[in-house]
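Step one of this worksheet: look at the structure below.
The values are calculated or read from the model by the stated rules, or taken from the named source; none is laboratory data. Computed from a predicted model, the values in this text were never measured in an experiment. Cβ sites come from the backbone with ideal geometry, for glycine too, and all protein chains shown count toward neighbours.
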Amino acid sequence: MTINTFKSVLFSIIFLSTTMVGFASENEENKEDKDFDPKEMIMHHVKDAHGFHLWDWKGHAVSLPLPIILWTDNGLTTFMSSEFHHDDTGHHVVEKNGGKFVKLHEKIYQLNEDAHSVSFDAEHHPVNASTPIDISITRNVFMMWVSVIILLLIFITAARRYKKSEDNVPTGIAGFIEPLVVFVRDEIGKPMIGEHKYKKYMPYLLTIFFFIWINNIFGLIPILNGANLSGNIAFTFTLAMFTFIITTFSGNKNYWKHIFWMPGVPVPMKIFLAPIEVIGMFVKPISLMIRLFANITAGHIIVLALMSLIFVFKSIGVAPVSVAFSLFIGVIEIIVTAIQAYIFTVLSALYFGMATEEAHH
């Protein structure tokens with residue numbers, strides 16, 4: 001591990017600690033009779049949100065607001081998330097386009113016409129509000145667009161470098177990108193799919209490898225405060241669905257024969273194996289989805305849980321142990337960002353190879 005990597009991880013831990021102190025202080029001011037709730041703090045940092053909470057300054061939250069876009073009975077309603085004034089308890093009401101809106105645990109509700117504040121049942125569920133169609137630009141959506149722009153800039157710049165190079169020797173950013181592209185081609189594409197069929201799948205394999213990797217890295221940047229796109233199940237589900245669709249449409253006669261009528265086995269066994277193979281078709285993308293989501297989310301939760309020990313035990317003596325273990329997990333997370341991108345790409349290529357494999361005679 002280089003000294004720069006160590007510094008970046010240590011900065012992340014320090015930034016996380018100060019953020020948690022601000023969260024604990026705010027929690028104490030608003031609920032003096034309630035102890036620190038680590039579950040609430042962890043979920044607050046892990047889940048998606050309608051804005052970036054950067055830091056606290058003199059009792060005020062410094063944040064980057066994002067657009068709220070709702071479809072209600074009155075039509076399209078838009079406003080900035082800063083109008084909620086960082087209130088996530090449902091107490092602050094925003095009136096726009098003839099509707100009254102509150103934000104509760106990062107979910108937006110529209111109050112009934114005769115309601116002026118949100119009311120709850122015994123299980124703390126809103127009873128006088130409905131849920132509008134929310135197509136807002138959340139921080140995960142925002143960071144997904146940012147990652148797309150960055151990847152486009154990187155690869156367009158690298159392509160221009162090759163175009164200007166007379167001897168085809170990569171320089172600058174192209175010198176960094178070429179080994180990674182060659183690695184995906186020679187260590188993933190060719191072995192998993194085959195020498196003659198891998199080329200048409202390379203654009204997709206390169207896209208998911210770099211797309212997952214860069215978003216995993218963004219999830220570790222402390223200033224982004226929880227913009228963890230790979231830790232969102234909807235994101236991993238979408239990527240897994242793309243792999244499933246490509247695999248399904250790439251399947252040749254031999255592939256479907258092995259699923260519905262396994263060759264080389266007795267007929268009773270063919271009938272028995274057919275439903276298992278069909279279930280396996282759907283289990284593969286589900287495993288892709290859950291593996292990426294669980295591994296990325298677990299790392300963040302472990303770090304947050306370790307830092308929470310300081311506030312749970314209310315002792316500064318726990319801090320060295322919590323910070324040391326958090327630093328260790330943070331270093332592992334840096335490695336995991338690339339490993340998970342690699343695993344998702346390898347398994348996708350493996351499924352493509354199984355779908356296009358020819359029958360052996």
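Looking at the stretch 138-181 only, could you name the residues that are in a helix (DSSP H, G or I), more than 14 Å from F210 (Cα to Cα) and charged (D, E, K, R)?
Once the filter is applied, which keeps residues that are in a helix (DSSP H, G or I), more than 14 Å from F210 (Cα to Cα) and charged (D, E, K, R), the stretch 138-181 yields R139, R160, R161, K163, K164.
Here are some residues: I221, I156. Which one is in contact with a helix residue (DSSP H, G or I) (Cβ under 9 Å, 6 or more places away or on another chain) and assigned by TED's automatic domain parsing to the domain that holds A338? Steps first, answer last, please.
Numbers: I156 fails: in contact with a helix residue (DSSP H, G or I) (Cβ under 9 Å, 6 or more places away or on another chain).
From the options I221, I156, the qualifying one is I221.
From the list I335, I296, I302, exactly one residue is more than 20 Å from K47 (Cβ to Cβ) and β-branched (V, I, T). Which is it?
Numbers: I296 fails: more than 20 Å from K47 (Cβ to Cβ); I302 fails: more than 20 Å from K47 (Cβ to Cβ).
Within the list I335, I296, I302, the selection yields I335.
In this structure, is V303 farther than 22 Å from G280 by Cα, in contact (Cβ under 8 Å) with a residue 24 or more places away in the chain and assigned by TED's automatic domain parsing to the domain that holds G280? I'd like the intermediate steps shown before the answer.
Values: farther than 22 Å from G280 by Cα: yes; in contact (Cβ under 8 Å) with a residue 24 or more places away in the chain: yes; assigned by TED's automatic domain parsing to the domain that holds G280: yes.
So V303 passes the test.
Report, by residue number, each residue of the stretch 105-137 that is assigned to a strand (DSSP E or B) and either in contact with an Asp or Glu (Cβ under 7 Å, 6 or more places away or on another chain) or under 23 Å from F235 (Cβ atoms) (or both). I'd like the intermediate steps shown before the answer.
Step one: list which residues in the stretch 105-137 are assigned to a strand (DSSP E or B), which gives 107-111, 120, 126, 129-130, 133-134.
K107, I108, I133, D134, listed by residue number.
Quick one: which of F235, F249, F242 is out of contact with any strand residue (DSSP E or B) (no Cβ under 9 Å at 6 or more places or on another chain) and crowded, with 20+ Cβ neighbours inside 10 Å? Spell out the reasoning first.
Numbers: F249 fails: crowded, with 20+ Cβ neighbours inside 10 Å; F242 fails: crowded, with 20+ Cβ neighbours inside 10 Å.
Going through F235, F249, F242 in turn, the sole match is F235.
Suppose we keep only residues that are in contact (Cβ under 8 Å) with a residue 40 or more places away in the chain and surrounded by 18 or more Cβ atoms within 10 Å (Cβ to Cβ) within the stretch 98-126. Which one would you say is farthest from E40 (Cα to Cα)?
Residue satisfying both the conditions and the ranking: Q110.
Identify the single condition in (1) more than 29 Å from A227 (Cα to Cα); (2) assigned to a loop (DSSP other than H, G, I, E, B) that H92 does not satisfy, given that it satisfies every other one.
(1)
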